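Peer 1: Take this structure, written in structure tokens, and hold onto it; I'll ask about it next.
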Amino acid sequence: MWTRINRRSAAIAGAAVVLGLLWGAESFAEQKKLKVAAMLGSPVEQQWVGRLHDALVMAQERGDIDYVVSENVEDADMIRVLREYAEGGYDLIVGEVYPVEREARRVTQDYPNVAFLLGSSLHPQPPNFAVFDNWNQDAAYLAGLIAGGMTQSNVIGAVGGYPIPEVNRLVGAYKQGACEVNSDVKVLVTYVGSWYDPPKSKESGIAQIDSGADFIYAERFGAIHAAQERGIPAVSNLTHYQREYRDTVVTSTLWHAEPFIDAAIEHVRSGSFEAVDYGKIYGLMRDGGASLAEFGPWEEKIPADILAQVRSRESEIRDGSFQAEIVSDIVKSGGC
């Protein structure tokens, strides 16, 4: 069972792995169960970090790793926790370092024999600082096709967290899809300046609806409540909320961390871990790193021609013949 450690827990124990005398070096390299730690800035119940946690728990349940997690780590504590895990003999440290990018990079240089796979807005840093993020813009593009095809007012909304590349990719792809099927559509974009502020996200959604939006992309969770309250459809992000909001959530842009987490674990085990962007290389929709959730009761409400276009594009994305535009810069409200 994975061990859960919060930011006020005792210092991390660093037990050494004892090899049986009958194990040869080659056999051990193949069979070794890795020690893996995660340092997360939010509780594992939060959607983004929850996807990472789920992938690591799955790897532990397969018997590939021994796993511990520190969740809800405050910005001021991140460097300390990162060092404690590195000193504790962990083979792979997974986490997020957006608030402490520069400091984290200096820490990893002190531990060249530890593999770090960290959520980051910057580039990988050789030899051992690999990065990742959610590259589910292809799913957001498909959601945009639906929004652009379903809107009656020709105004749709998107409520995001921060105007950083990770969010801009999603909002930009959503706008691309909407404009592809409806050149008259206008997209209202609001960044709430928080990763988890449901009331503020709801307020932003309400403001967009009051400005004419009749479809919302809830990149941040709280915007679903605005759509539900005003009776318009929405698309949720990272986690599928249709069960809870059956009459509101048409589909969801899902992120699956398993492909790049599994690749990193295998590379550490085989000694081939490199400072690369694991999310971009192993985590696109074509790799199984993203998907558009099932439509459920909404399948019959989506116009047939739009549904056919979504299915066609989805097939092209999966076979590698199409990819949504990568938008790194802030996406502003406006038309196509």
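The values are calculated or read from the model by the stated rules, or taken from the named source; none is laboratory data. Just so it is clear, the structure is predicted and the values come from calculations on it, not from any experiment. We place every Cβ from the backbone using ideal geometry, glycine too, and count neighbours over all the protein chains shown.
Peer 1: Restricting attention to region 224-237, report how many residues are buried (at least 24 other Cβ atoms within 10 Å of the Cβ) and over 22 Å from the mean Cα position of the chain (by Cα).
Peer 2: Of region 224-237, the ones buried (at least 24 other Cβ atoms within 10 Å of the Cβ) are 224, 226-227, 234-237.
Checking the rest, the ones that are also over 22 Å from the mean Cα position of the chain (by Cα) come to 226-227.
Count: 2.
Peer 1: Does ASP138 satisfy the condition of being surrounded by fewer than 24 Cβ atoms within 10 Å (Cβ to Cβ) and of a type outside the set (Gly, Ala, Ser)? Explain how you work it out, then say what you get.
Peer 2: Values: surrounded by fewer than 24 Cβ atoms within 10 Å (Cβ to Cβ): no; of a type outside the set (Gly, Ala, Ser): yes.
So ASP138 fails the test.
Peer 1: Another question, if that's okay. Considering only residues that are charged (D, E, K, R) and either part of a loop (DSSP other than H, G, I, E, B) or touching a Leu at 6+ places or on another chain (Cβ under 7 Å) (or both), which ones fall in region 305-336? If you could, list the steps in order and put the result at the bottom.
Peer 2: Narrowing region 305-336 to residues charged (D, E, K, R): 305, 311, 313-314, 316, 318-319, 325, 329, 332.
ARG313, GLU314, ASP319, GLU325, ASP329, LYS332 - these are the residues of region 305-336 that are charged (D, E, K, R) and either part of a loop (DSSP other than H, G, I, E, B) or touching a Leu at 6+ places or on another chain (Cβ under 7 Å) (or both).
Quick grid of which residues meet (1) over 19 Å from CYS336 (Cα atoms); (2) crowded, with 24+ Cβ neighbours inside 10 Å:
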site: ASN168; (1), (2): no, no
site: LEU188; (1), (2): no, no
site: VAL192; (1), (2): yes, no
site: PRO198; (1), (2): yes, no
site: GLY212; (1), (2): no, no
site: GLU219; (1), (2): yes, yes
site: GLY222; (1), (2): yes, no
site: THR239; (1), (2): yes, no
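Peer 1: Against the definition (among the β-branched types (Val, Ile, Thr), in contact with a helix residue (DSSP H, G or I) (Cβ under 8 Å, 6 or more places away or on another chain), outside any loop (DSSP other than H, G, I, E, B) and not assigned by TED's automatic domain parsing to the domain that holds LEU118), how does ILE302 come out, yes or no? Before you say what the answer is, go through the steps one by one.
Peer 2: Values: among the β-branched types (Val, Ile, Thr): yes; in contact with a helix residue (DSSP H, G or I) (Cβ under 8 Å, 6 or more places away or on another chain): yes; outside any loop (DSSP other than H, G, I, E, B): no; not assigned by TED's automatic domain parsing to the domain that holds LEU118: yes.
No; evaluated as a whole, the condition is false for this residue.
Peer 1: From the set of residues in region 65-83 that are surrounded by fewer than 19 Cβ atoms within 10 Å (Cβ to Cβ) and either in contact with a Ser or Thr (Cβ under 7 Å, 6 or more places away or on another chain) or in contact (Cβ under 8 Å) with a residue 40 or more places away in the chain (or both), which is farthest from GLY160 (Cα to Cα)? It would help to see each step written out before you state the result.
Peer 2: First, the residues of region 65-83 that are surrounded by fewer than 19 Cβ atoms within 10 Å (Cβ to Cβ): 66, 72, 74-77, 79-80, 83.
Narrowing further to those that are either in contact with a Ser or Thr (Cβ under 7 Å, 6 or more places away or on another chain) or in contact (Cβ under 8 Å) with a residue 40 or more places away in the chain (or both): 72, 74, 77.
Details: ASN72: 21, GLU74: 22, ASP77: 26 Å.
Filtering region 65-83 for residues that are surrounded by fewer than 19 Cβ atoms within 10 Å (Cβ to Cβ) and either in contact with a Ser or Thr (Cβ under 7 Å, 6 or more places away or on another chain) or in contact (Cβ under 8 Å) with a residue 40 or more places away in the chain (or both), the one farthest from GLY160 (Cα to Cα) comes out as ASP77.
Peer 1: Within region 173-186, how many residues turn out to be surrounded by fewer than 17 Cβ atoms within 10 Å (Cβ to Cβ) and closer than 16 Å to GLN309 by Cβ?
Peer 2: Residues that pass the stated criteria total 1.
Peer 1: Let me ask you something else. Only one of (1) more than 21 Å from ASP287 (Cβ to Cβ); (2) out of contact with any helix residue (DSSP H, G or I) (no Cβ under 6 Å at 6 or more places or on another chain); (3) not assigned by TED's automatic domain parsing to the domain that holds TRP195 is not met by GLN125, so which one is it?
Peer 2: For GLN125, the exception is condition (2).
Peer 1: Looking at region 257-266, is at least one residue buried (at least 19 other Cβ atoms within 10 Å of the Cβ), β-branched (Val, Ile, Thr) and not in a loop (DSSP other than H, G, I, E, B)?
Peer 2: yes
Peer 1: Answer with yes or no whether SER328 is without any contact (Cβ under 8 Å) to a residue 12 or more places away in the chain and in the same structural domain as VAL155 (by TED's automatic domain parsing). I'd like the intermediate steps shown before the answer.
Peer 2: On the way: without any contact (Cβ under 8 Å) to a residue 12 or more places away in the chain: no; in the same structural domain as VAL155 (by TED's automatic domain parsing): yes.
For SER328, the condition - without any contact (Cβ under 8 Å) to a residue 12 or more places away in the chain and in the same structural domain as VAL155 (by TED's automatic domain parsing) - is not met.
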